[in-house]
Amino acid sequence: MIPGARLVILGRQGAGKGTQCVRLSRHYVVPHISTGDMLRAAVREQTELGLMAKEIMDSGGLVGDEIMIGLVAERLDRADAQTRGYILDGFPRTVTQADGLDEVAGDKPIDVVIDLYVARDVVLQRISARRVCRDCGTNYTATGTERQPWICEVCGGDVMQRADDHPDAVNRRLDLYEEQTAPLIEHYTSQGRLVVVDGVGAPDEVFRRLTDAIGKRV
Ligand code: ADP
């Protein structure tokens, strides 16, 4: 077991970050911190942050950098992340957020940044079939034969399509990814911190590739 791994997982929407991060989190026994999940929880709980973020998220836009950096800074300050480390999923998404993260991480810098690479046409197909439990975030793939209402096997919550997984919002998010998040890949590559992992294949196979890549760096 790796004590205190600090990982960032980048990748297009639908690349499998959520699924793989849950597995990595169990494997390395470090908290999985998904900014998308944190924001969705805030929306459900109708906090001030949630009320502000909802419209932006539904339309496929990005919540402001300052707010996101503050949210992550607070989360990384908690005891579990301080002692065990973390897997960041969905953050950073812009170069400004990456700089913010370096500042927040301070003398405990990120060990490795992974780009879970899946081409755009492949993720588009995956997202159109993606369903998610609104309570625990478990991901499912729709085949069209599911019983309705669809109940989560893990927690009994409702399995639904995310409001931002509809085609217009998906295309907007993928465009934004190219515009704002792809430069991050450049940024981390130039710093020698990026490892690209092929995200196409069976989940077990992709997981093995990820742990191999992480094992060489941590
Ligand atoms: P996806 O990667 O499929 O877009 P996420 O669950 O990571 O889904 O995020 C859902 C939404 O939450 C994003 O479309 C965006 O509006 C918001 N969000 C999440 N993380 C960030 C971030 N780091 N910066 C800005 N907005 C974010």
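Rule-based calculations on the coordinates, nothing more; no lab input. Keep in mind that this is a model prediction, so the values were computed, not measured. Note that we place each Cβ from the backbone using ideal geometry, even for glycine, and neighbour counts take in every protein chain shown.
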TODO: Output the number of the condition that residue 171 fails; it satisfies all remaining conditions of (1) in contact with a Leu (Cβ under 9 Å, 6 or more places away or on another chain); (2) over 17 Å from residue 57 (Cα atoms); (3) assigned to a helix (DSSP H, G or I); (4) of a type outside the set (Lys, Arg).
DONE: (2)
Task: Count of the range 181-208 residues which are touching a residue at least 40 places away in the same chain (Cβ under 8 Å), part of a helix (DSSP H, G or I) and out of contact with any helix residue (DSSP H, G or I) (no Cβ under 8 Å at 6 or more places or on another chain) - done: 2
Open item on the list: Of the conditions (1) surrounded by 15 or more Cβ atoms within 10 Å (Cβ to Cβ); (2) within 11 Å of the ligand (Cβ to nearest atom), residue 75 satisfies every one except a single condition; which number is it?
Closed with: (2)
Open item on the list: Take residue 26 and tell me if it is more than 8 Å from the ligand (Cβ to nearest atom), closer than 20 Å to residue 140 by Cβ and of a type in the set (Lys, Arg).
Closed with: yes
- [ ] Tell me, please, whether a residue that is touching a Lys or Arg at 6+ places or on another chain (Cβ under 7 Å), over 28 Å from residue 193 (Cα atoms) and either of a type outside the set (Asp, Glu) or away from the ligand (no atom under 13 Å from the Cβ) (or both) can be found in the range 110-133.
- [x] yes
Task: Identity of the residue in the range 92-109, surrounded by fewer than 20 Cβ atoms within 10 Å (Cβ to Cβ) and small (Gly, Ala, Ser), that ends up nearest to the ligand (Cβ to nearest atom) - done: 105
TODO: Could you tell me which residue of the range 49-58 is nearest to residue 180 (Cα to Cα), considering only residues that are within 8 Å of the ligand (Cβ to nearest atom) and more than 16 Å from the chain's Cα centre (by Cα)?
DONE: 56
